[in-house]
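We did not get these values from a lab; they are worked out from the coordinates using the rules stated. Treat the numbers as computed from the prediction; the structure is a model and nothing was measured. So basically every Cβ, Gly included, is an ideal-geometry build from the backbone, and we count neighbours across all protein chains shown.
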Amino acid sequence: MKVGLFIPCFVNAIYPQVGVASYKLLRSLGVDVDYPLGQTCCGQPMANGGFEKDSAPLARNMEKLFHDYDYVVGPSGSCVAFVKDHYPDILHKEAHECLSSRIYEICEFIHDVVKPSELPHASFPHKVSVHNSCHGLRLLGLASPSELNIPHFSKLKDLLSMVDGIEITEPSRVDECCGFGGMFSVEEPAVSACMGQDKVRDHMSTGAEYITGADSSCLMHMEGVIKREKLPIKTIHIVEILASNL
Amino acid sequence: MSSHSKAAEKFIADRPRTDWHNQALWFVRQKRDNMARSIPEWEALREAAARTKMHTITHLAYYLEMFERNATANGIHVHWAKDALEHNETVYNILKEHGVKHLVKSKSMLAEECGLSPYLEERGIEAVESDLGERIMQLMHQPPSHIVLPAIHVKRQEVGELFERELGTEHGNSDPTYLTHAAREHLRDKFLHADAAMTGVNFAVASSGAFVVCTNEGNADMGTSFPKLHIAIMGLEKVIPDYDALAIYHRLLARSATGQHSTTYTSHYKRPVEGQEMHIVIVDNGRSKILGNPVHRNMLRCLRCGSCMNTCPVYRRSGGYSYSYFIPGPLGINLGMLADPKQYSGNVSACSLCMSCSNVCPVKIDLGEQIYSWRQELDTLGLANPVKKGIVKVLNTALGSPGMFHFCIKAGRLGEKISPRGLLYCGANAWGRSRELPEFTARTFEQIWKEELSSTASCNTETARKGSSTNI
């Protein structure tokens, strides 16, 4: 089984440590993982802004780069969900003919495909508040969305519970949007920032030292609020916790 | 900036009020969640509701004609109106024939949609809203800001001041019970002296020719009990096949809307009582055009429960008036675009694509996905935001090839280093108004990969496998 590591543009440029942790974590689990060079972006930013047709060249590049991999795994729920849900339309293909059928968000992949029973290396003696990102949650099913009457589950919490010394909490509005939304954050700056401020405060009210989640974009947004207001909480991508001590 | 973005900024400038509005609606969402969780078959009900609506709107002529036949046999006068004007004329003509001067209305979004009250008032007919929230808004000379909770944005102190001015209540008394009693007395007088009553229609049951009106205040019943004339108005998508279908919708409606088991009053109108006349006006006003639109026809499933507004993080923080269409929130963004894209495209930005609306919708309308679709249509319609278009052009270049991508990151790094803070956080930086910008790191992941990781990847993967507890 050959796994291609998909590193979204902003992770590549701003959060490379998330990519490194993803790689190390997958390797530690015995996964044969490779990073195909020449990746830029999946095309989500323009599509969410209303320019899906501009995503097509990027989608074709992604298809080409990952053509020979059995699985494609990326540390960003939103980007993975975009590839999964929109590539068939953009590329005029059936889902089984394109990346959509082979791409996984990394926690989903580890939880559902690799299925480790323990993460012996992982230790993180801190209190974390889990950020349930909208697309990971409502489009990929990383956890049960609060709106639905289905049995409660959380793949993120399942994985975090294998980490030694960690204390896991969630905010009171457990899956309310942080207000990032790609271009929404600059087209609706007042609402977006207000949502971000509210979300960070909700995480803070748990007493957590860290906000953690499976999507760097939401964490980036909340980090922007935290740094501006010099708030006593930090953000960390979930794979950085799962890959601790590797 | 879009029209919504500008209006939202003004609303949010009063942060304590924004927080209060947000919390008031979140409370309704929580009540809805409790109700949804109290019914084990909730998700199956939503599925049944969605399918039954889909069946009905794709067999609309069949069910509407069945409804007309049965309603007519019950003694109800059935009228058809192709648009808002024809609807208003039909209602006015019935009222004129009966010499009506005072009409008492229960809440109807269709009347809002058609601009009925101003139309009648211009022609000398007083149309009094009998729903308390609607009456508050009517006395304030403002439209409702929410389709189920019309005055949700008004604080009780403001209602106190309004009633003092309009109804002569005590100065400074904003006790809800006191104000409700005052409103009741005021409305009772209106009920007693009305010449005609108007109601909306929540459900028109084709198999029986009866229609159902759901209220919490009993105002529809009170209104229709005295006058000799009752006019009900309905959008043509309000027809449902039979009482089995009604059972599904009735279980979902109030639970989704306000977190109640059922509305306090659910009134079935089947035939006029002796000496009374009952009319029903079935209105198209663009609905059959929506039916012909395969991407957006799901909108015709809507029950008007308002749950998509209550859950919407943008609506809760920007208020109903920040949307240019008379219906706000995810529902209004979509219906506005269907009504007139040129006029209402300024609302399409009001969505972070969190998709919570699609999950709460009792008839499973893909509201968020449809907003995404509208965004894709804006450029073709010539309505795309030029600034956003510019940003996308830059992104296309920067992300178009790996060489350009890494060049831009280098340039960004340099720009970050040499630009004074004042330039980085100038007025054009919408992000930077309330948030710090993320910073580029010294090396990209691709660099780290090439310099450190790639050598480990090419090593024998068996080594890694031995060290792991899992084997795949």
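With +1 on each Lys and Arg Cβ and -1 on each Asp and Glu Cβ, and nothing else charged, work out how big the dipole of the protein assembly as shown is about its Cα centre, in Debye to the nearest 20.
Charge dipole, the protein assembly as shown, about its Cα centre: 920 debye, nearest 20.
Classify chain A as rounded, prolate or oblate from the Cα gyration tensor: take a ≥ b ≥ c as the square roots of its eigenvalues, call it rounded if a/c is under 1.5, otherwise prolate when a/b beats b/c and oblate if not. The shape class here is oblate. Using every pair of separate Cα atoms, the Kirkwood estimate puts the hydrodynamic radius of the protein assembly as shown at 27.6 angstrom. Per-residue ellipticity at 222 nm computed for chain B from its helices equals -15500 deg cm²/dmol, with DSSP H segments shorter than 4 residues left out and the rest contributing -39,500 (n - 2.57). Placing a label point 7 Å from the Cα of A:ASP85 along the Cα-to-Cβ direction, the residues of segment A:208-243 with a backbone N closer than 16 Å are A:215, A:217-218. Annotation: extensible slack from B:ALA442 through B:SER262 equals 58.8 nm (criterion: 0.36 nm per residue apart, minus Cα-Cα distance). Whole Å is fine, so just give me how far the alpha carbon centre of segment B:206-257 lies from that of segment B:182-200. Segment B:206-257 and segment B:182-200 have Cα centres separated by 19 Å.
Per-residue ellipticity at 222 nm from helix content only, as computed over chain A with -39500 (n - 2.57) for each DSSP H run of at least four residues, stands at -11000 deg cm²/dmol. With the simple model of a label 7 Å out from the Cα in the direction of the Cβ, B:LYS417 to B:GLN343 spans 5.5 nm. Relative to the Cα centre, the charge distribution of segment A:127-242, modelled as +1 at Lys and Arg Cβ and -1 at Asp and Glu Cβ, gives a dipole magnitude of about 160 debye.
Rounded to the nearest 5, what % of DSSP beta bridges with both residues in the protein assembly as shown are antiparallel?
Of those bridges, close to 20 percent are antiparallel.
Remark: the Cα gyration tensor places segment A:127-242 in the oblate category, a/c being 1.5 or greater and a/b not exceeding b/c.
Using the Cα gyration tensor of segment B:26-135, with a ≥ b ≥ c the square roots of its eigenvalues, what is the shape: rounded (a/c below 1.5), prolate (a/b larger than b/c) or oblate (neither)? Cα axes put segment B:26-135 in the oblate bin. Note on B:LYS82: lysines with a C-alpha under 23 Å away, same-chain residues under 8 apart excluded, are B:LYS53, B:LYS96, B:LYS105, B:LYS107, B:LYS238, B:LYS289, B:LYS342. At an R0 of 60 angstrom, the distance between the Cβ atoms of B:LYS289 and B:THR397 translates into a FRET efficiency of 0.95.
Note on A:LYS127: lysines with a C-alpha under 20 Å away, same-chain residues under 8 apart excluded, are A:LYS155, A:LYS157, A:LYS199, A:LYS227, A:LYS230, A:LYS234.
Projected label points at A:HIS92 and B:GLN30, each 7 Å from Cα along the beta carbon direction, are separated by 5.1 nanometres.
Of all aspartates and glutamates in the structure, those lying under 18 Å Cα to Cα from B:LYS388, and not within fewer than 8 positions of it along the same chain, are A:GLU52, A:ASP54, A:GLU187, A:GLU188, B:GLU377, B:ASP379. Global dimensions of segment A:75-155 from alpha-carbon coordinates: Rg and Dmax equal 14.9, 48 Å. Helix B:60-73 axis versus longest C-alpha principal axis of chain B: approximately 20°, rounded to the nearest ten. Angle of helix B:243-257 to the longest C-alpha principal axis of chain B, folded into 0 to 90 degrees and rounded to 10: 60°. Compute the distance from the alpha-carbon center of segment A:170-246 to that of segment B:54-88, in whole Å. If you average the Cα positions of each part, the centres end up 51 Å apart.
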